[in-house]
């Protein structure tokens, strides 16, 4: 089992050896895409939105000065920030002006933690902020409006990104070391102009429910990851679009409102 550190945490070997919240969320969205990534058959392109999130993370919980030289693509020819990243800089400034928000940024940053969940599945996490008896994750989001998810209807912004599941995993990993369930918070900055900021606690009942769901799903995800079960395709993501092989015509009446085929 790979011993994790700053240099290898995001490595392919680490993703093979360990599950993580991001990997579980990826399995939940599309098992086939997740396995294609793990097998080195697919690389998800880096988006501007993800890089903006990294900028904000590094500015508030990391080392922005060390990060910037590695990302020249965020700069114009004259050395100033491109518009999206000028927006990110303003988002950081907005957060830094708020005393409560910055109080929740206080603690150990980017702390790596590992544990075997449910006694057998190795997980890893990198905590944005491990503070005074609390776990905080810094999030950037377009806005705080609800979103529509197929099969679920309209859900709150955090549920749309599976953040309660992520925080439940973080809480359980920390619990494995200290024997105590710490409260979990999202420190949210919107990409609006001007940016909005919120500190949102995830209810313990919600995280307990997420852990129950995860415990039910782990035998399947573990079997898929180890090659014992064929992963299912979602048929909607970028990987499924890119790798689709047509075998026969379809009936127009089989399509649902989201462009998928009804079961």
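The values are calculated or read from the model by the stated rules, or taken from the named source; none is laboratory data. This structure is a prediction, so every number in the text was calculated from the model and none was measured. Cβ: placed from backbone, ideal geometry, glycine included. Neighbour counts: every protein chain shown.
When you check residue 224 against the structure, is it under 17 Å from residue 29 (Cα atoms) and either at pLDDT below 95 or part of a helix (DSSP H, G or I) (or both), yes or no?
Working: under 17 Å from residue 29 (Cα atoms): yes; either at pLDDT below 95 or part of a helix (DSSP H, G or I) (or both): yes.
For residue 224, the condition - under 17 Å from residue 29 (Cα atoms) and either at pLDDT below 95 or part of a helix (DSSP H, G or I) (or both) - is met.
Within the range 42-66, track down each residue that is crowded, with 16+ Cβ neighbours inside 10 Å and more than 15 Å from residue 92 (Cα to Cα).
Of everything in the range 42-66, just one residue is crowded, with 16+ Cβ neighbours inside 10 Å and more than 15 Å from residue 92 (Cα to Cα), namely 42.
How do the helices (runs of 4 or more DSSP H) wholly within the range 48-120 filter down when requiring 3 or more residues that are out of contact with any strand residue (DSSP E or B) (no Cβ under 7 Å at 6 or more places or on another chain) and more than 25 Å from residue 198 (Cα to Cα): which remain? Walk me through how you get there before you give the answer.
Numbers: elements: 48-61, 64-67, 83-96, 99-103.
Passing ranges, in order: 64-67.
Failed condition for residue 123, given (1) loosely packed, with under 11 Cβ neighbours inside 10 Å; (2) within 16 Å of the chain's Cα centre (by Cα); (3) modelled with pLDDT of 95 or more, with all others met?
(1)
In this structure, does residue 91 turn out to be over 28 Å from residue 18 (Cβ atoms), more than 17 Å from the chain's Cα centre (by Cα) and either modelled with pLDDT under 95 or surrounded by fewer than 16 Cβ atoms within 10 Å (Cβ to Cβ) (or both)?
On the way: over 28 Å from residue 18 (Cβ atoms): yes; more than 17 Å from the chain's Cα centre (by Cα): yes; either modelled with pLDDT under 95 or surrounded by fewer than 16 Cβ atoms within 10 Å (Cβ to Cβ) (or both): no.
It is false that residue 91 is over 28 Å from residue 18 (Cβ atoms), more than 17 Å from the chain's Cα centre (by Cα) and either modelled with pLDDT under 95 or surrounded by fewer than 16 Cβ atoms within 10 Å (Cβ to Cβ) (or both).
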